[in-house]
Amino acid sequence: MKLDIVNKNRVYDGFIKVDVLDIKLPSGQVIKRDVVKKQNAVAIVAFTDNNELYLTKQPRAGRDELEAVEIPAGIINEDETPVEAARRELLEETGCEVTKDLIPLGKYYPDPACATGVTYMFLALGVKKKQDLHLDYDECLECFHVTIGEALKLIDDEVLIDSNSLLTIDRATRYLDTYISGI
C-alpha cells in the first residue's frame, strides 16, 4: 500500500534532493516528513585469489573523518544495471576486475524512514589488479587489501563501521560459510 501524499515540496536539489511531504494517514491525520532522495548504489566485498579483500580510505563528511575505511561502493548511473555499476565502481576504486564470479548478495534500504535509495550488495571473487585508480573529480581515496580476519578486527575495533561494509561483509561471509560447508 502506497503513502497518500497530499503535498510535496522540494527544499534542496543537489547531489541529494530533499523533499518535505505532507502524508495523510489512514486515520485522516496529516503528518510532515522529510525525505532525502538518494540514488541507488552498490557495495562490493572483493576477494583476491589470496583470500584478501579490498578496502578503501576516503574522506566522509557525514562521519567527520578524513580517512574513513570502507569496502568499495558507489552510485548506480542511470544507464547501468547494479552488476554493471559494481564492476565499474570496483575498477574505479581499486583498479581491479572480477576474474571469477560476481555474486549478488541482496539489497537493502540504508534508512527507509527518511531516505530513498537501495543498495545492492555483491561478492566479487578472484579480483585482479588491472589498472591504476580512475577516480571521479571529487574523490580522494586510496585502496588496500587485508585478510578477512583483519577486516573483522577492524569491525570489532569500530574502524570499519559504515552500513555498506557491515552488511555486505556479513552477507559475504555467510555466503562463503554456506558455500564452503555445503549447507
(request) Compute the acute angle (0 to 90°) between the alpha-carbon long axis of helix 163-181 and the principal axis of greatest extent of the alpha-carbon atoms of the chain; round to the nearest 10°. (result) 50
(request) Note down the nm distance, to one decimal, between modelled labels 7 Å out along Cα→Cβ at R10 and at A61. (result) 1.9
(request) Run through the DSSP bridge list for the chain and note the antiparallel percent, rounded to the nearest 5. (result) 85
(message) If you take percent of Cα pairs over 25 Å apart from the coordinates, which of [x] 36; [y] 40; [z] 49 do you get?
(response) [y]
(message) Placing unit charges on C-beta atoms (Lys and Arg positive, Asp and Glu negative, everything else neutral), compute the dipole magnitude of the chain about its Cα centre in debye, rounded to 20.
(response) 820
(request) Enumerate the lysines that K153 could reach by cross-link, defined here as Cα to Cα under 26 Å, with residues fewer than 8 away along the same chain left out. (result) K57, K107, K128, K129
(request) Mind checking which of I161, A46, V118 is farthest towards the positive end of the stretch 41-181's charge dipole, using Cβ charges of +1 (Lys, Arg) and -1 (Asp, Glu) about the Cα centre? (result) A46
(message) Considering only C-alpha atoms, what is the centroid distance from the stretch 118-164 to the stretch 20-81, in Å?
(response) 14
(message) From the helices alone, meaning DSSP H stretches of at least four residues, give me the mean residue ellipticity at 222 nm for the chain, per-run term -39500 (n - 2.57), in deg cm²/dmol to the nearest 500.
(response) -7000 deg cm²/dmol
(request) Enter the angle in degrees (range 0 to 90, nearest 10) between the Cα long axis of helix 82-94 and the first principal axis of the Cα atoms of the chain, meaning the one along which they spread out most. (result) 60
(message) Per residue of the stretch 67-78, what does 6.51 cos²θ - 1.76 cosθ + 1.60 with θ = phi - 60° give for ³J(HN,Hα)? Whole Hz please, x for Gly and Pro, Karplus curve as stated.
(response) 10, 6, 8, 8, 7, x, 6, x, 7, 8, 5, 4
(message) To make sure I understand the rule: partners must be lysines, Cα under 23 Å from the Cα of K8, and not fewer than 8 residues away in the same chain. Which ones qualify?
(response) K17, K24, K32, K37, K38
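Read-outs: derived from the displayed coordinates by stated rules, not from any lab. The structure displayed is predicted, hence computed values, not measured ones. Positions of Cβ are backbone-derived with ideal geometry, glycine not excepted, and every protein chain shown enters the neighbour counts.
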